[in-house]
Structure formats: structure tokens, C-alpha cells
1. Just name the residue that is nearest to the chain's Cα centre (by Cα) out of those in the range 107-133 that are of a type in the set (Val, Ile, Thr) and closer than 28 Å to Ala42 by Cα.
2. Under the condition of being β-branched (Val, Ile, Thr) and at pLDDT below 85, which residue from the range 1-33 is nearest to Gln77 (Cα to Cα)?
3. In the range 81-93, is there at least one residue being at pLDDT 90 or above, buried (at least 19 other Cβ atoms within 10 Å of the Cβ) and either of a type in the set (Asp, Glu) or assigned to a loop (DSSP other than H, G, I, E, B) (or both)?
Amino acid sequence: MTLKNARDINQTGLDAIDPKTHPARDASHFRRIVAARKHLEAAERELRDAVAAARGAGDSWTVIGTAMDTTRQGAYQRFGRYGNRGEANRVPKRGIETYYEGDQWKNKTEGESRANGVFETKAEAQAAGRAMAKKRGVEHIIRNMDGEIGQRNSYGNDPRNTKG
């Protein structure tokens, strides 16, 4: 089954399935996955906003970590770029991901499902992703063909000064 990006087609993506090559089936599972993904994206946005609001109100990373059932370091590592004091009302900057999907290399903004660009080679996608990340001052995440993170490069907004 070959699917294009569901948002490029319609709300479910079912129009992208070719009935000549894919036998008709009940699409309830497919629709449930699409709905769950949308709920997950909304929940992640709400959690980022809640952490940013807590930091803006003066709550410590220890308090936020406790609320999330993790350590303060764990909370900071996950949300530090979204929850700096005085920045609660700012839209968080999300990094750029370079990844392989459907025989193509693509770039997208973290948390989005739609690609910003499609490329024939990893080198082309990586160069374009690096340029976007530098322009936005965000992290560039480069994934291998298997989806694992192969490289991370930061182009600003680093949480702390480190040598090396």
C-alpha cells in the first residue's frame, strides 16, 4: 500500500489508496490510528504550553519534573527550550528533521506530519534542512534510513554553554 501524506489528500488519507492494488477492507483501524495521532499531537502541544506557563509563573524544574513523574533534569531536557522564564507567551521554536520516507528524503518541522521539502538524496535534504535550521536558530535532527537519529546539530537557543 502506497500512501501520500494524509493532509495532502484529505482528512483520512483514504483517497491515496489505489483500489486496483489494494483490496477493499474495513478502514476503521486506519481511521482510529489517524484520530489517535491527532489526539497525541494535541496532547503534546498542551503539555508544552502547560510547562511554558508553569515556568512563566515561576515554577521550578523540580516542581515540573515531579508533576511529570520524572527528575528535574528529565523535565528540563525535554522541555527546556519551551519553558524559560519570561517566555511563556512565546511560540516555541521547533527543530527541523531530515528523514527518509517512501523512497525519498524529506525535511519537516518537529511535531508536524507534513514535509517542508522532498529530495532525491540525503545530502540534498540535509543541506536544505541545515539551511532552514540555521535561519530559524533551531536544532537540526538527521535520521538514518531506519528512522534512528544519526546526528543532531544545534544552530542556536542552546540551554547552556558547554565546551567542545
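The values are calculated or read from the model by the stated rules, or taken from the named source; none is laboratory data. Since the model is a prediction, treat every value here as computed from it, not as a measurement. Cβ atoms come from the backbone with ideal geometry, glycine included; neighbour counts cover every protein chain shown.
1. Among residues in the range 107-133 that are of a type in the set (Val, Ile, Thr) and closer than 28 Å to Ala42 by Cα, the one nearest to the chain's Cα centre (by Cα) is Thr109.
2. The qualifying residue nearest to Gln77 (Cα to Cα) is Thr12.
3. no
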